[in-house]
1. Considering only strands (runs of 3 or more DSSP E) fully contained in segment 252-300, which possess at least 2 residues that are modelled with pLDDT of 95 or more and farther than 24 Å from GLY238 by Cβ?
2. Residues being within 22 Å of GLU222 (Cα to Cα) and either of a type in the set (Asp, Glu) or assigned by TED's automatic domain parsing to the domain that holds PRO161 (or both): count how many of those fall in segment 284-311.
3. Filter segment 71-87 for residues that are part of a loop (DSSP other than H, G, I, E, B) and under 19 Å from GLY136 (Cβ atoms) and give the result.
4. Which residue pairs have Cβ atoms under 8 Å apart, sit 6 or more places apart or on different chains, and have a first residue in segment 1-27 that is outside the structural domain of GLU92 (by TED's automatic domain parsing) and a second that is crowded, with 16+ Cβ neighbours inside 10 Å and of a type in the set (Asp, Glu)?
5. Just to be sure before I move on: is GLU23 under 26 Å from the mean Cα position of the chain (by Cα) and modelled with pLDDT under 95 in the structure I sent?
6. Exactly one condition in (1) of a type in the set (A, V, I, L, M); (2) surrounded by fewer than 17 Cβ atoms within 10 Å (Cβ to Cβ); (3) assigned by TED's automatic domain parsing to the domain that holds GLY305 is false for LEU195; which is it?
7. Listed residues VAL241, VAL217; which is closer than 28 Å to VAL180 by Cβ and under 18 Å from the mean Cα position of the chain (by Cα)?
8. Looking at (1) of a type in the set (A, V, I, L, M, F, W, C); (2) under 30 Å from ALA175 (Cα atoms); (3) surrounded by 15 or more Cβ atoms within 10 Å (Cβ to Cβ), which is the only condition ALA239 fails?
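The values are calculated or read from the model by the stated rules, or taken from the named source; none is laboratory data. All values derive from a computational prediction rather than experimental measurement. Positions of Cβ are backbone-derived with ideal geometry, glycine not excepted, and every protein chain shown enters the neighbour counts.
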Amino acid sequence: MRSEYTTPAWILFGLKAARDAAERLGDDEDAARLRSDYDALLADFRRHVAEHQQVLPDGTPYIPPVYDDSGLHHWIPSYPEPLQRHNQLQPESATWALCQAIWPGEVFAPDDPIVQNLLHLMDLVDDEEGIPATTGWLPYRAVWNYHASFAAHVWLYAGRPDKAVDYLYAFANHAAPTRVWREEQSLNSSHNGQLAGDMPHNWASAEFIRLVRHLLVFERGETLDLLLGLPENWIYPGAVVELEATPTRFGPVSLKLAIGEERGFTLRVTFDTAWLRPPAMVTLHLPAGSTAQLDGVALKFAADGAAALPWAAELAIEGRLAAGGA
């Protein structure tokens, strides 16, 4: 047994989901109990993080993978021999649970220091092969391939769809010729030949599909984001990007984007407006400087290319995309 943060991070995620469900169902007694448990655990989590967090060489805080006296061997507590670099936990080890507590858990806001510090750490370890290295069972010169998706969703949630797209393509570049993934493998330049986990690991396949979907339709709180992470190289004459009845917390959403000449486009979106949980806001994201019309009326875009859309059964939008997709 080791003292670590992955378990409480996931418990926070679960308590928050259960609390929210109880509130939506009108179960006031369960909602109050779950709210109390969640608030108490979150306060304890933050207090312990403040006590145990360590700092990277550049001074940025990080949450250590373990915080007791069991040592830093990557799977043997209280390892009696001197640690070698190849079996020593790293600051980025086991960050999967924190990633998932951030999104889809939404336990921490995008600007929370816990989120920003984690993304800084991911950015430091993603240079060699484009996805974060040494986050899994292999803590030396290796990658856990589909951790790319966990981290990419945090980047997307925090307003950096460009990093999410970079991770998608780097993740794809780690697939076998049969388009499946091993769980973990050595960096090419290491010549170590370390392998861990299943082959194929179908969780990786699910994560790849999930990430592609969320670049196009993404939920943050009570907001539904459309085309938040549309890659620039998907924008070319004749391109069609389509999702059909993809399930969201706000009901099924269908979307079809067709690209014409000179970056002209049409976008058709359908919602189930009878769904019991409508979004508080629907936001369309296009490259900054784009223009678009809904039913002949120009949409008003913010400086970052975001525009509010109505919650209606069908939307037909046309316009022209500026250069600079995600």
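1. Counting at least 2 such residues, we get 281-285.
2. Final tally of qualifying residues: 1.
3. GLY71, LEU72, HIS74, TRP75, ILE76, PRO77, TYR79, LEU83, GLN84
4. Here the result reads LYS16/GLU106, each pair linking segment 1-27 to a residue that is crowded, with 16+ Cβ neighbours inside 10 Å and of a type in the set (Asp, Glu).
5. Taking the combined requirement at face value, the residue does not satisfy it.
6. Failing condition for LEU195: (3).
7. Result: VAL217 is the single residue among VAL241, VAL217 that is closer than 28 Å to VAL180 by Cβ and under 18 Å from the mean Cα position of the chain (by Cα).
8. Status for ALA239: all satisfied but (3).
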